1. Spin-label point model (7 Å from Cα, Cβ direction): what's the Q75 to E22 distance in nm?
2. When averaged across all projection directions, what area in nm² does the alpha-carbon convex hull of the range 1-136 cover?
3. What's the tally of Lys pairs in the chain whose alpha-carbon atoms lie under 13 angstrom apart, where the two lysines are 8 or more places apart or on different chains?
4. Say we join alpha carbon atoms closer than 10 Å with springs in a Gaussian network model of the chain; which of P31, P40, P63 then has the biggest fluctuation?
5. At a threshold of 8 angstrom on Cα-Cα distance, excluding pairs fewer than six apart, so keeping six or more, what relative contact order does the chain reach in percent?
6. Could you tell me the convex hull volume per residue, in Å³, taken over the Cα atoms of the range 1-55?
Amino acid sequence: MAENDLAKRTLSLKKTFDAPIELVWEAWTQPEHIAHWWAPKGMSLTVVEHNFKVGGKWKYVMPMPNGGEFISEGQYSEIVKFQKIVTSANFRPMTEGVEIHALFEKNGNRTNFVFSVIHPTEEYKIQQEKMGFYNGWGSTFDRFATFLATINNKGK
């Protein structure tokens, strides 16, 4: 598959978190932390499964206002501590069959972060972008940054 094709199917967000990489990694990978930030503001989240290892599966469930459930799930295919996490992902009922790449880079006492979602087709990527990819994930990462500040200050 050509690199150009991959670029046409990928949506990415870049952030710098004001927390050391060890803390960012822990908050991203530990279920007791994930429950505090993965869902949009005001929503609750239940971590049903979280087997953080290559081949391990994860599943998070969020109750929706209409009484249904929003289910996030996937399987880890690559984990490089403090650097990279690759996982398949479904976000039902909105998004299915994507791959997430979360890249972490130490930047002194801060952490550079790149979040990419690779879609099966360019058309699907465009549809997901129009559905609010940047707003949705942007607000999730704002919540993540707030959570990081909370746990970072506890350690001081």
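Please treat every number below as a calculation from the coordinates, not as lab data. What you see is a predicted model, and the numbers here were worked out from it, not measured in a lab. Cβ coordinates were reconstructed from backbone atoms using ideal geometry, including for glycine residues, and neighbour counts include every protein chain displayed.
1. Computed distance between label sites Q75 and E22 equals 3.4 nm.
2. Details: hull surface 34.5 nm².
Reported value for the Cα convex hull: 8.6 nm².
3. Working: K8/K125; K15/K106; K53/K81; K53/K84; K81/K106; K84/K106.
The number of close lysine pairs in the chain is 6.
4. Per the Cα network of the chain with a 10 Å cutoff, P63 tops the list.
5. 29
6. On the way: hull volume 9.0 nm³, N = 55.
Taking only Cα atoms, the range 1-55 has a hull volume of 164 Å³ per residue.
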